[in-house]
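Structure, as structure tokens:
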Amino acid sequence: MPHLYKGIASIVLFFNYLLFSLSTNAAHLATQAQDNLVYFLFSSPNKIVRYDMANNSPLDDITLGKLPSAFTVDGNTAYVAFNRELQKVDLTNGSSSFFRNLSSNITELVILGNFIYAADGNNTIYQLNKHDGTLIETTNYSQLKAGLVASSVQNAIYALPSNTGSSYFYKTNVDADGKLLNSTQYNSAYNYQAITRLFLNASQNKIYDLNGATYFAADLTSIKGLPGNATAMTFIGDNPVQLRDSALFYYDKYHRPLGSTPVTQSANHIQAYAQDIFLFDIGSNTVSATKISTANIAIPDADYVIDPSELAYKPEIVLHDNNDTVFLIDREHLSIFRWSIAQQKYLPSWQLLDPPTKASWSDSTNRLYVGNVRGVIAYFSNDQLSNTGALFAKTEGRIQGLIAVGNYVIAKAPLDYVEYHHVFNASGTKVHDQYYWTWNESNYLWNSTLNRLYTYVANYSDITWYSFDPNTGIMGSSNYSYPNTGTFHSLSLSNNGSLLLTSGGNLLDATTLAQSDSLSNSIQAGIWINNLPITINQNGDKLQFWNSNFSLKEEFNLAASAEHTLLNLNDRLILIEQTVNGPHIRDFDINNITDRDGDQHHDLIDNCPELANPDQEDFDGDRLGDACDPDDDNDGISDEQEAALGLNPRDASDADQDLDNDGYSNRAESLLGSNLNDSLSIPVLTSQLTVDFSQDLPGYFYTPSNALPWYISSSNTSIQRVLRSGTLRNTTETSEVNFIQRFDKGFLTITHRYNSNLYSGSLSISIDGVQTNHWHTNYVDGIWQSISLPIDAGFHIINLKFQVNYSDALIPDNYIEIASVAFEADQDGDQIPDTRDNCPNHYNPWQNDSDNDGIGDECDKDPYNQDTDGDGYGDARDNCPNTYNPDQADIDHDGIGDACDAIDNRPIDTDGDGVWDFIDNCKLIPNANQLDTDFDGLGDVCDPDIDGDGVPNELELQYSFMDPYDPSDADRDEDGDGVPNGFEIRSGFAPDKADTHPNNALLDYFPLGNMEYTFQGDYKVTIKPVSGSNRYTLETNDGFSAEIERTSTGIYYRANKINNYNEIYRYVYDNYLVMPATMKLGEIRRLSTSIKAYQGNSLQALYEYTHEFSLQLIEVGTKRWKGKDYPAITMKVTHYYDVGYVDHQEIIYLEGIGNVGDNPANLLSHKVNKIDNPTSSAGGGGGGGGNISLHLLALMLLLLTPCGRRKH
């Protein structure tokens, strides 16, 4: 019965969905490793399989008495869930004992400390005492559903949401009583890849997923991840190991590759033990293992710390020890790098456990104190032998401020959900708490002259100060001051303690905090040496020295493309320039600055510091003197090349000319490497290009005139080197970069992130001066995002422009970073690069390749590797599969090749429109254009309902507000009576006159009793009453059975049975309304039903699901069947699935007969042995339809007929 099955495809789809849900209870369920043992939980057969890695051998299986659903291992005990029941299994002898029952089926178990956390995969988490099973708390916690991972270090649980393919996960903290606290969601930081499983390293300070993304476990911020999508992963200490691409890949804890080992065995789980890796192939009920030695891989020890001279890192915190050492604290590598000014080299580094937030040096204790995101303060000393810190103190939350004053340490952190300044003595004992008003990150500044501690929040306009006794650690009450000098993000104190300098360039009296003077400009940073300020201007391109009256003494150029930090170390200026290769540290005696080239311009001011140029001439104003600038006019063509070709090295306009008239500008040819003076030499066609900015900026990138440049920079994200825009501070500036290529047809992908206030910055992309619709505002600040746009073949100038939409003084640094620019040719436009496309000239994004020969099915002449006649065309493609005909000639285009076609039966074209009848959508009426507005297979010229809205053309033409070509007019309500135009016209009402539509009694359209139906395809349905009740059975000739019930409110679908591979499954439905007793025309009822699935005669539900659907009466009238007109109604049924799929059906019901699907012709015969008349329902005339619609396999009355679909 193919016609029937065509109509019920959506039902079968849903049926398969239910069966899949049931099948997930079988086979391998979970894996857990502990010490040298790995445990595998299986169902059918129900058992725990064990493998001893120390002896490289399996242990005896532990048999379970019933079907398990989850487990977790704790020492010699396994806690096993059997749906709602929990049992304890002794792993030494296999005995089990009852532990407790819970009120829902358990799908996940995890242990943290003395507590068990059981999740039901829906919204409930049970928190249990693991010793006696006491229920501590039951929490409706939608965040913890799948893939639970517990960390004893972080004292938290990590989990995935239940929906497959999500790109985010959660961390939930746990208190000392085992109760769940606040939860933090994290979106995947790079391209929103789906997260399928989470892994913790040995130190439990990093969390990984299989797509290579990596996060700090403490605060879920992303860091540089691993490459590729792995099948499995494990750790040797903190060193990750991936299984991917038929090999094991080894990395150190900083994610630098260590080597790889080929893998020929099948494996879907890996586990490290000592220095070996075990490959496990987990089958449906068995496990096999292979041991791989890592002896040839140099695995670092746990205390290994990376050498900073090898890194292009960017420190977040920079400070010094008031003696010789500069500390550069790098969050990405969890390291404290130390630079000796005297020795001009790095000293041995220290390592951190969690991301740092604040740091302070104490001369009194000779310690560096570092606070982190978990509220821990650790300390380090320059003479320590270990490379790890010692615990100093612990607070309740993130350290948001830290300073050492004398023998005391002051930290800002929460206490009982309120922010406090906590004062600790030198032994780490808290001696004082002082309330603070803000939750924001705060900065401390100590004034030893006044014994005053200043605190301020970056980009606020106020200063809070406290008196502080460095001998007792007692802090006085807070004092607030609003200097009325605007917001500021930095504050520095003069050497004598009398003045404060703000980033606004304002000088405040340190006692009164009133403004006493100001500099002539705002600043990025400032220090004091000899009671005189030294600053970096707001644009970051000038180092400024000031006089005692605060007039500008002199200023020196700095690279605008680099960030700079200033320090005063024993009255020497420390200038740290952040380069693409990491920090570059220089120190100066400001009274005697060196002049290396001897041109009478010292190094801070010299625009060619290593080449004597007394005139300091700089034609293009790029702060690079002409003497050392290879391109004086900055037009992208070197001075040497311009001179050789007769161009002017000091005229940028000649770069836009075309010297050899080959269609490419001089600049384009110079940047792309072709000959400017040879018309036969043109830029090479680019089919593939990847720029990750790990090296210098390629020459085909250049800065347009009058725009702030972009430049290569280090980044404090998981991408170490990026292309960074200029920093914008107002709406009039733009930072732009162009890059040019001669492109093949394909697509360009730009991966970028914003560092700006939400909605304040935007990136626009133009091609040859025309802005594309890929205009991105920073909806997700700080998260890597990708833009892909199509590129036509030809030479193109791509412009990237960053601009600020409005100026926000609270965010002084607006910029954007680009991690990569990639182009890949794509001739067929299917978003699969030609290099990876198995049909590069055929659109096939699905990339099916049935015979695995590397050629996609769409372009493979023999896609299934079956070619009977050996002519190169497989039987599935061959128009003569048994006759050799490599030319595949078919003169009559009938699909049969001429070599085996005895008849020239070129198709008939009855209407003579040039379209053969077998493909003509109007065979009898000429329509060469084959227009088909509603895509129903009928051309417009012969379609009685052109727009497919259910209203015939001739009826639409009767009303000025109806249009046969506009399907939306059927859904409008011209007369405002609450019923759409289309429903009224189909039901015989005037759509332009308001009607009072009555309730229609519907039960006669769903007759029940003793009846037999025969449908097309010899499909038979029998309905019989159940004695002594209002229930009826429905049976089909293919073994399906169901139960329905008629009540005063309507007819309901109650239950059904299905035989699936000799297993009987029962489904019970609650409140599944098939046919309401009454409905008005146009009325919609949104309903839901609960479905429970049972196996065999079991009383324990295997599966429970809530399904939503709606019923709408859309037509009341008559339909013809077997030559007779019957009162009829049409019901629209809509099903809503949790995968986002929505299904619509229109079902016709005939009075006294029932459901006939979308066409009465589907029903061949109807035999009535007896009809049980329904109790009369209140309501007006007319009849109504019911929808026994789809809920899947279930509604067999829908299975009994093809489910009609309205045309769209």
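Annotation: amide H-H contacts under 5 Å for residue 460 (H modelled 1.01 Å from N, sequence separation of 5 or more, or interchain): 488.
To the nearest 0.05, what FRET efficiency results for residue 1138 and residue 303 with a Förster distance of 45 Å applied to their C-beta separation? E(calc), rounded to 0.05, equals 0.35.
Under a 5 Å amide H cut-off, with hydrogens placed 1.01 Å from N, residue 431 pairs with 423, 424, 425 among residues at least 5 apart or on other chains.
Here residue 1099 and residue 1164 are evaluated by their C-beta separation; at R0 = 41 Å the FRET efficiency comes out at 0.50.
The residue among 198, 743, 933 whose Cα reaches farthest toward the positive pole of the charge dipole of the chain, with charges on the beta-carbon of Lys, Arg, Asp and Glu, is 198. Look at the Cα gyration tensor of region 839-934: its axes a ≥ b ≥ c give a/c of at least 1.5 with a/b at or below b/c, and that counts as oblate.
Relative to the current alpha-carbon distance between residue 605 and residue 95, full extension at 0.36 nm per residue lengthens the span by 175.4 nm. Each stretch of four or more DSSP H residues adds -39500 (n - 2.57); spread over every residue of the chain, this sum gives -1000 deg cm²/dmol at 222 nm. First check a/c for region 999-1199, with a ≥ b ≥ c the square roots of the eigenvalues of its C-alpha gyration tensor; if it is under 1.5, answer rounded, and if not, answer prolate when a/b is larger than b/c or oblate otherwise. Here region 999-1199 falls in the prolate category. A cut-off of 5 Å between modelled amide H atoms, ignoring neighbours fewer than 5 places along the same chain, links residue 827 with 834. Less than 17 Å apart at the alpha-carbon level, and either on another chain or at least 8 residues along: which lysines does that give for residue 1124? Within the straight-line cut-off, residue 1124 pairs with 1167.
Highest-first packing order for the peptide set 97-103, 1106-1112 is 1106-1112, 97-103, based on the mean count of other beta carbon atoms within 10 Å.
Run the paramagnetic zone check for residue 552: 7 angstrom along Cα to Cβ, then residues of region 623-646 with backbone nitrogen under 20 Å. Flagged as within label range: 623-625. Here region 481-500 is scanned for amide nitrogen atoms under 17 Å from the site 7 Å beyond the Cα of residue 520 along Cα-to-Cβ, giving none. Positive contributions from Lys and Arg (+1) and negative ones from Asp and Glu (-1), summed over other residues with Cβ under 12 Å from the Cβ of residue 29, come out at 0. Candidates 1059, 1162, 1081 compared by Cα position along the dipole of the chain: farthest toward the positive end lies 1059, with charges placed on Cβ.
Peptides 663-669, 920-926, 992-998 ranked from most to least packed give 663-669, 920-926, 992-998, packing being the mean of other C-beta atoms within 10 angstrom over each peptide's residues. Extension gain for residue 433-residue 973 works out to 187.6 nm (0.36 nm per residue, less the C-alpha to C-alpha distance). Loop-located GluC sites (Glu not before Pro) in region 535-644 (DSSP state other than H, G, I, E, B) with a sparse environment of at most 14 neighbouring Cβ atoms within 10 Å: 610, 617. As a rough guide to protection, the peptides 960-972, 734-746 ranked by mean Cβ packing within 10 Å, highest first, stand as 734-746, 960-972. Here residue 961 and residue 848 are evaluated by their C-beta separation; at R0 = 56 Å the FRET efficiency comes out at 0.75. Here is the size of region 25-233 from its Cα atoms: Rg then Dmax, 16.9, 49 Å. To the nearest ten degrees, helix 9-23 and the longest principal axis of the Cα atoms of the chain are 60 degrees apart. What you get for region 325-394, charging only the Cβ of Lys and Arg (+1) and of Asp and Glu (-1), is a dipole of about 100 debye around the Cα centre. Which of the following values of Cα extents along the principal axes in Å was calculated from the structure shown: [x] 113, 86, 70; [y] 113, 97, 79; [z] 135, 87, 71? So the structure-derived entry is [x].
The alpha-carbon of residue 88 sits under 16 angstrom from the alpha-carbons of these lysines, leaving out residues fewer than 8 places away in its chain: 47, 66, 130. With contacts taken as Cα pairs under 8 Å and at least 6 residues apart, the chain reaches a relative contact order of 5 percent. Taking a Cβ cut-off of under 15 Å around residue 409, the surrounding Lys, Arg, Asp and Glu residues balance to a net charge of +2, with basic ones at +1 and acidic ones at -1. Once you have a ≥ b ≥ c as the square roots of the Cα gyration tensor eigenvalues for region 986-1085, tell me rounded if a/c is under 1.5, and otherwise prolate or oblate according to whether a/b is larger than b/c. Prolate.
Taking 23 Å as the cut-off for C-alpha to C-alpha distance, list the pairs among 314/358; 1020/1092; 923/1132; 224/394 that go past it. Beyond 23 Å between Cα atoms: 1020/1092; 923/1132; 224/394.
No lab work stands behind these numbers, since they all come straight from the coordinates. Since the model is a prediction, treat every value here as computed from it, not as a measurement. Note that each Cβ is placed from the backbone with ideal geometry, even for glycine, and that neighbours are counted across all protein chains shown.
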